[in-house]
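Enquirer: Below is one structure. I have some questions about it.
Please treat every number below as a calculation from the coordinates, not as lab data. Just so we're clear, the structure is a prediction, and the values are computed from it rather than from any experiment. Note that we place each Cβ from the backbone using ideal geometry, even for glycine, and neighbour counts take in every protein chain shown.
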Amino acid sequence: MTIDEFATRTQTKKSTVISWVSKGLIPGAYGEYVPDSARMPYTRARAKTGESIIKSILKACNAKMGICAGIYGIAEEDFNTYISGLISGGYIASYEADGVQYYNITTAGISFLKNQQRITIKDIIPVVATLAGAAVPLLA
């Protein structure tokens, strides 16, 4: 779809959508093109610490909004670490549409948000350590 169509669909100003696209906040979008499956980016993300980023990702998934590394101002590798841990922990699920990865909250993620349980970096680190351990031989 076009930027105009996405702006109309999301009830957002065209200039705002152009800004999102230029900042890379809508994965798969470029120039005047926005994937049909695109979600409005979760621009309320102000998270800076690991635990607040985890909670913010879950809130975004619950709201069916788009997330990416640029929203949090972190490296793609760091963002993927959070995503991998949350998927492995059963808090979110991923799917692909139009060549873009999207994430939805699971019942475990909803339970976390409702009960204000605490998910710490330590909860997702074992998954990250396993992934990093598997990558070490490739780097050697």
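Enquirer: In nm², what is the average projected area of the convex hull enclosing the Cα atoms of the stretch 1-120?
Expert: Numbers: hull surface 28.3 nm².
So the Cα hull casts an average projection of 7.1 nm².
Enquirer: While we're looking at this one, here's another question. From the phi of every residue in the stretch 13-20, what ³J(HN,Hα) in whole Hz does the Karplus formula 6.51 cos²θ - 1.76 cosθ + 1.60 yield, where θ is phi - 60° and glycine or proline is x?
Expert: Running phi through 6.51 cos²θ - 1.76 cosθ + 1.60 with θ = phi - 60° gives 5, 4, 4, 5, 5, 4, 4, 4 Hz.
Enquirer: Can you give the FRET efficiency to the nearest 0.05 for TYR95 and SER15, using r as the Cβ-Cβ distance and R₀ = 25 Å?
Expert: Rounded to the nearest 0.05, the efficiency is 0.25.
Enquirer: Follow-up. Within the stretch 44-74, find all residues whose amide N lies under 11 Å from a label point positioned 7 Å from the Cα of THR8 along Cα-to-beta-carbon.
Expert: From the stretch 44-74, the list is empty.
Enquirer: Something else now. Multiply the residue gap between ASN80 and ALA108 by 0.36 nm, knock off their C-alpha separation, and tell me the result in nm, one decimal place.
Expert: Once the chain is fully extended between ASN80 and ALA108, it gains 8.1 nm.
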